[in-house]
Each structure stands twice: as C-alpha cells, then as structure tokens.
Amino acid sequence: MTLLLLTKGKNNCTIKLAYANNINIGGDEMRIALSSSDKDLDSNLDLRLGRSPYFIIYDLDTDQFKATENKGESSSGGAGIAAAQQLIDESVEIVISGNVGPNAFTLLESSNIKMYKGESISCKLLIEMYREGKLEEIKESGPSRKGGH
C-alpha cells in the first residue's frame, strides 16, 4: 500500500511517499496463505513456496478463501522473492509452506509475516492444525534453490 505523509514544519510542508505492508483498514481479518498444488482446500500443500503452482488465501474469520496463481512459479529466477512479494500484496499475516528460501524468508520476516512449516497434506487439514496450534513456526530460512525447481 502506498501512503502519502504530510508533515508540517514551521515554515514549510513536506509530502513524503511511504510504502507500508500489511495495513488493514476497516477490518480484523486474519489471512493465511498456503502454497498449494491446486485451487481448492482439498489440495495438498506444495512444499515449495516459490515454485508452488497456487496460493490458497484463507480468511480465518469468515472461512472464505480464494486461489491465486503463484507469479513466482514461472519466474526464471527469484521465484521466492516474487512469491513473497505477492503474498505481502495480498496482506496475509501467516504463510504455511514446507520450505521458505533465504530471500523470501527475509522479505516475509521484514513484513512481520509469520511462517509455519507444513507437510504434503490437504490445505484444509493444515488450516485446522494452525487453529489448534499444532504447526511449527519457521524461525530460519531453508536452503536456497537458485533457479532450481
């Protein structure tokens, strides 16, 4: 989200451009992103954040979800960065995946997005496991794949 900040000094006004992530205006929605092998909640988690075909964006408050294509999947390089930026733009607060590479990890962490480790089971089951506090938080990045699949 882009914001304009107006600061008023004694003899002047300054307008600054600011970029902010995860700003939620007018709601308390908690959104989870899961790296998914397909477009529905019965799909298994794809363990590769940057190269997963889809993301399931799930709202914990309304139990609504949408599936979106991962822009990083077809990237020749920097798939993790592209995927992480896409999730930041979706205003998610939680990411569930199997592996988060160093660049994606840094970007998500700097945007205050928590990451949790999942296994190759249905996204629906992983959401329930998250709600029950059964998923392990990812505290450090996985290995870099450097353009690999």
Please report the spacing between the Cα centers of region 90-134 and region 41-65 in Å, no decimals. 10 Å
Would you mind checking which residues have amide H under 5 Å from VAL95's amide H? H placed 1.01 Å from N; only 5 or more apart, or other chain. ALA33, LYS114, MET115, TYR116
Flagged as over-length at 21 Å C-alpha distance, from LYS39/LYS139; LYS71/LYS139; LYS114/LYS134, the pairs are LYS39/LYS139; LYS71/LYS139
With unit charges on the beta carbons (Lys and Arg positive, Asp and Glu negative) and the dipole taken about the Cα centre of region 28-137, which residue among LEU126, GLY78, PHE55 sits farthest to the positive side? GLY78
How large is the Kirkwood hydrodynamic radius of region 28-137, in angstrom, based on all distinct alpha carbon pairs? 13.2 Å
Residues whose built amide H sits under 5 Å from the amide H of SER36, excluding neighbours closer than 5 in sequence, are ASP46, TYR54, PHE55, ILE56
In whole Hz, the Karplus estimates of ³J(HN,Hα) for region 122-133 (6.51, -1.76, 1.60; θ = phi - 60°; x where Gly or Pro) are 5, 4, 4, 5, 5, 4, 5, 5, 4, 4, 8, x
Karplus couplings for region 77-86 from phi (6.51 cos²θ - 1.76 cosθ + 1.60, θ = phi - 60°), rounded to Hz, Gly and Pro as x? x, x, 4, x, 5, 4, 5, 4, 5, 4
Contour minus end-to-end for GLU90 and GLU132, with contour as 0.36 nm per residue of separation and end-to-end as the Cα-Cα distance? 12.7 nm
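Computed from the coordinates by the stated procedures, all read-outs in this text should not be read as laboratory data. As the structure is a computational prediction, the values presented were derived from the model and not from experiment. Note that we place each Cβ from the backbone using ideal geometry, even for glycine, and neighbour counts take in every protein chain shown.
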